[in-house]
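No value in this document is a laboratory result; all are computed from the given coordinates. Remember, predicted model here, so these are calculated numbers, not experimental data. When we count neighbours, we look across all protein chains shown, and the Cβ atoms used for this are built from the backbone with ideal geometry, even at glycine.
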Amino acid sequence: MKKKEIINKFSLELSDIFWKQVENQSLNEIIKLIFESPFTKIAKPFDLQKKKQIKKPTLFEISTVQNISQPKINRYQNTNDATLKFIFYSKIEAISLQKHPELDQDLLKLVGKKILIPPGTEIFRSIIMLKQFSLINDYNQLL
């Protein structure tokens, strides 16, 4: 399988400039760069218009996470009853339908982290309805 095919399994559309920069690098090096680089520099924006669900595992980068069940003063704190709103690179919104006690209490620590959303996740009016996801803490999780 070619490097591009392996990378495309994460539904990332990487920029042509990025591919030129990494054409002679190994798969491990490319995945490490994807994990460490801001998506604004390496990926083309996602388009969720007219999509009803995510078809393949999809990698997103967190721009911000907010606790929308709390008043503004506690907006960036994860609580036991939190309903979380994620905003990913290119202004894609997602609402978590589950509670996430495993996430850090300080939601600002999640900014810039990568998240893998499984296939079958529903999209309603261009908003991803998260039931489950994997927070990627190390690029080896993507290999």
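Provide the gained length on full extension for the span ARG75 to THR40, in nm with one decimal, where the gain is 0.36 nm per separating residue minus the Cα-Cα distance. Don't jump to the answer; show the numbers that get you there.
Values: separation 35, 0.36 × 35 = 12.60 nm, distance 2.49 nm.
Taking 0.36 nm per residue and subtracting the Cα distance, the gain is 10.1 nm.
Could you give the length gained by full extension between ILE6 and ASN137, i.e. 0.36 nm per residue of separation minus their alpha carbon distance, to one decimal place?
Computed gain between ILE6 and ASN137 is 45.2 nm.
Let me have the relative contact order for the stretch 3-142, percent, based on Cα pairs under 8 Å that are six or more residues apart.
Details: 253 pairs, mean separation 35.3, N = 140.
This gives 25 percent for the stretch 3-142.
Close amide-amide hydrogen proximity is noted between GLN77 and ASN67, LEU107, each under 5 Å apart and 5 or more residues distant or on a separate chain (H modeled in the peptide plane; Pro and chain starts excluded).
For the set LYS72/LYS109; LYS9/LYS41; LYS20/LYS55, the pairs lying more than 24 angstrom apart at their alpha carbons are LYS20/LYS55.
If you plug the beta carbon distance of GLU122 and ILE17 into 1/(1 + (r/R0)^6) with R0 = 30 Å, you get a FRET efficiency near 0.35. When Rg and the Kirkwood radius Rh are both evaluated on Cα atoms of the chain, their ratio Rg/Rh stands at 0.98.
If I take every Cα pair under 8 Å that is 6 or more residues apart in the stretch 27-88, average their sequence separation and divide by the length, what percent do I get for the relative contact order? Taking the mean separation of contacting Cα pairs over the length of the stretch 27-88, I get 27 percent. Using the Karplus relation 6.51 cos²θ - 1.76 cosθ + 1.60 with θ = phi - 60°, the per-residue 3J(HN,Hα) values for the stretch 105-113 come to 5, 8, 5, 5, 5, 8, 4, x, 6 Hz, with x marking Gly and Pro.
For ILE128, the amide hydrogen comes within under 5 Å of the amide hydrogens of GLU93, ALA94, ILE95, counting only partners 5 or more places away or on other chains and with H modelled in the peptide plane. In a simple Cβ point-charge model (Lys, Arg +1; Asp, Glu -1; nothing else charged), the stretch 3-142 has a dipole of about 460 debye relative to its Cα centre.
Seen against the Cα atoms of the chain and their longest principal axis, helix 27-36 is set at about 30 degrees. Taken along the Cα-to-beta-carbon direction at a fixed 7 Å, the label points for SER26 and MET129 span 4.3 nm.
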